[in-house]
Structure formats: C-alpha cells, structure tokens
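For reference, the structure discussed in these notes is given below.
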Amino acid sequence: MRISAGASQRISGRCKVFEIFCPKTLHLNKAKALFNTHYNSALRCHDTCNDFLTEELVMGQISAFLKKKNIVISAKRYGVDALGAMAQGLFCSLLIGTILDTLGKQLGLAFLVEVGGYCSAMSGAAMAVAIGYALQSPPLVLFSLATVGYAANALGSTTLDGGKGAGGPLAVLFIAIIAAELGKVVSKETKIDLLVTPLVTILSGVGLSALWAPAIGTAASALGDFVKWATVLQPFWMGILVSVVIGIALTLPISSAAICAAIGLTGLAGGAAVAGCCANMVGFAVLSFRENRWGGLVSQGLGTSMLQMGNIVKNPKIWLPAILTSAITGPLATCVFGFQMNDPASGVASGMGTCGMVGPIGVYTGWVNDVATGAKAAITAFDWTGMILICFVLPAVLTWLFGLFFRRIGWIKEGDLKLD
C-alpha cells in the first residue's frame, strides 16, 4: 500500500529527504548525516517515519473496509441521493395517501379513504426503505429499515414535551442513514447474518429514534413555526425569500419537498413555497419551449426543472428569469391572494410545485380540509383565480418576458436551454 501524498509531505517536512519504495517497506537511503542534522539520531527519524507509515496503513485498511461495504461518506450520497429518495418515499406514501383520501371524501368512495389511510400510515417505513435503497443497502438492511423508519417518523412527530412535532421526515433521514450504514458494517460478517444484521439495524435505529427523534421534532417545529410566523408578520419580504429559496432548492439536485416536509412548511409560507416551485417548473418549461418543444414542456412542467441543472452549470444566467419570477409571484401569493398551503399531509406538497400537479392538488386539499374544520367558509372564485395565476399563468408569462429580455442582451443564447 503506497503512502499518500499528504503523508509524504508531512514526512518530507520532518526528514527533508526520503524515498518510498515497494508497498511494504519505507527505505531512507540518504546519508545519515542529513537525518542527524534534523534529528538527534537516525533512529528517531526512523521511528517518526514508521509512525506515519503505520498511520497510513491503518487508514488504508479502514478505507478498504468502507469501500468493501459500499459506505461512501459524502455530501452527494447523503444530501442528494438519500434526501431525494426520501422525498420519493414520502410522495409514494403520505402524499398519495392524502390525494386518495381527498378524492374518496369528495366522491363518496370509502374504499379510497381507507387506502389513503393505509398509505399515510406507512410513510415512515417508505421513507426509510427509500433511503436504504439510495444508499445501496443489502437486502437484510433494507428490509429492517422499515421498522426504523416507522419508529423515527412516529417519535419525530412529537416534541420533547409530548406535543405534536414536525420532524418526522427529518428524523427518518438522519436516523435511517446511520442505521443503514451500521447495518452495512456488520452485513455478512458473521455466520448468523440473518440475525445479526437485522438486530443491529433495528436496535440502532430504534434506539437513536428514542434518543434523538423528539428533539429533532422539537427543533423542526420551532424552525417551521418561525418561518410561518415571520411570513405572517412580514408577508412581502418573507414571500420573496421563501419563494426564491424553495424554488432554487427545487431545481437544485436536492429535495425541496423533503425540506418543506422536514420543517412543516404550511400556511402562507407554504403558499409562497408553492409559488417559487411553480415559477421554476412552469418557467423553465415555457422559457425553453423554442429549444425543447412539447417534450420539454411536459417533462419540466409536470416533471422537474432539475433537468436544466446541466445547462445552469454551463450558463447560470439562464436561471435568472425563473428566479426573478419567483421573487414576484411569492409576495403576490402572500400579500394579494392570501395563498396558503394547508394540506393535512404536512408540508411536502409545498415543495412539489406542478410536479404531477401535486402542489395545486395540495392547496385544494387544504381548502377542503379548512372548510370541513370550519377554518374557511367556502372555496371562492378568488381562491381559484389566485391558484391559476400563481401556479400557471404568471410563471409562464413572466419567465417568458424575462427570457426575451435576457436573450436580447445576449445573456441567454440559442441552445443554452436545450435538453439532450
């Protein structure tokens, strides 16, 4: 095993001259007098270099073990892959369950209401399994994460004082990652792997849930409450801030839905988040229509604006029309239309935009729930007008106009928005 460049520099700084030969041996073949100039004896120099080599060998063994176990400690693996997968798990359980429940109640179909309840109940397990899948966990670890996710979501949905918390998804993210990696560490290391791997995964995950999840729920609730309070207090400036930030998060290779769900972003702040997401999705779909035509319109308008990330890296200026649009539609949503996201499925729909029409459906679901609870008298024409303008018309028109301007001054060139 070759010593690393970093360690080589550290040794050279101490020994002045040295050479590394075969993988197992460190030879110091320069004149002993040179080493004695820096150290009192050649032996001290040898011991020092030997310590460095031992450290490198140990670190190399650890790296090799982690590689063997497919444990990659990186921001991309945890902050992009795992977070994005968690959002998909949340979508396929809690969000779909809420949509089915709403449809069932509106259409009088008890079966859909029942199915929706089953979906929502499995949200924690679905998120944890999705995270395990993103981390490429072996089967026994992956299946064991269902229990971990259920526990983390349940305990994260409470606060330290026993109240209702908003940290279920966030607790699942942190705890499922740790439990999955610990499960991978012991996977196939013993002859009783069928017992050891599930036990380590489940006990570590549930134990951490008991210790951490309520605190995470408390912190997430406090952060979400602060953002919602600040938006009510300063709807104009917070409308801009929330709309722009969540819209940017939606287009970046991270999960805006998971962020909104983690802090329970609902109410006026949730409405601003929907505005920002729609500004990016509908905006990019219309802005790039001349390059991508109908396929691009559908894939970005109903899919994700994340498809443009490659082009944004090449020319960040193509993002300006959507960002500026979100800075306009956000305060319009909060100050003019009082546009709120009160989806009972928490704030996940706030970060979805027009992806599968989840954002508008979540807003409508919140209206229905508010009417049912008496918080809202009725769904009015003004409500529908606000939704159509904020989610569809203004993002399309404003982004197109900004795009024309930036194309004219040369900041956006032909082909900059082309999708492969």
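Numbers for the structure displayed
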quantity	calculated
In region 212-243, the residues that are hydrophobic (A, V, I, L, M, F, W, C) and under 17 Å from the mean Cα position of the chain (by Cα)	216, 220, 223, 242
Residue ID - surrounded by the most Cβ atoms within 10 Å (Cβ to Cβ), chosen from residues in region 174-209 that are acidic (Asp, Glu) and closer than 11 Å to residue 69 by Cβ	181
Residue list for region 89-108, restricted to those being touching a residue at least 40 places away in the same chain (Cβ under 8 Å) and surrounded by fewer than 19 Cβ atoms within 10 Å (Cβ to Cβ)	105, 106
Contacts under 7 angstrom Cβ, first residue in region 371-388 being under 17 Å from residue 271 (Cα atoms), partner in a loop (DSSP other than H, G, I, E, B), 6 or more apart	386/337; 386/339
Residue in region 220-241 that is farthest from residue 152 (Cα to Cα), counting only those that are crowded, with 20+ Cβ neighbours inside 10 Å and small (Gly, Ala, Ser)	239
Any hit, region 75-86, residues being modelled with pLDDT under 90, basic (Lys, Arg), more than 17 Å from the chain's Cα centre (by Cα) and assigned to a helix (DSSP H, G or I)	no
Matching entry among 288, 243, 256 (being in contact with a Cys (Cβ under 7 Å, 6 or more places away or on another chain), of a type in the set (Ser, Thr, Tyr) and either assigned by TED's automatic domain parsing to the domain that holds residue 331 or under 22 Å from residue 165 (Cβ atoms) (or both))	256
Qualifying positions in region 229-270 - under 21 Å from residue 88 (Cα atoms) and touching a strand residue (DSSP E or B) at 6+ places or on another chain (Cβ under 8 Å)	265, 266, 270
Of all residues making up region 386-416, the number that are of a type in the set (A, V, I, L, M) and touching a Lys or Arg at 6+ places or on another chain (Cβ under 8 Å)	1
Residue list for region 78-88, filter: under 13 Å from residue 124 (Cα atoms) and touching a residue at least 60 places away in the same chain (Cβ under 8 Å)	86, 87
Matching option when the condition is acidic (Asp, Glu) and touching a Lys or Arg at 6+ places or on another chain (Cβ under 6 Å), among 370, 383, 420	370
Within region 352-393, considering residues that are within 26 Å of the chain's Cα centre (by Cα) and surrounded by fewer than 17 Cβ atoms within 10 Å (Cβ to Cβ), the one farthest from residue 330 (Cα to Cα)	356
Filter result (of a type in the set (Asp, Glu) and either part of a helix (DSSP H, G or I) or closer than 16 Å to residue 264 by Cβ (or both)) within region 184-226	193, 225
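The values are calculated or read from the model by the stated rules, or taken from the named source; none is laboratory data. None of the values given here were measured: they were computed from a predicted structure. Using ideal geometry, Cβ is built from the backbone for each residue, glycine included, and neighbour counts are taken over all protein chains shown.
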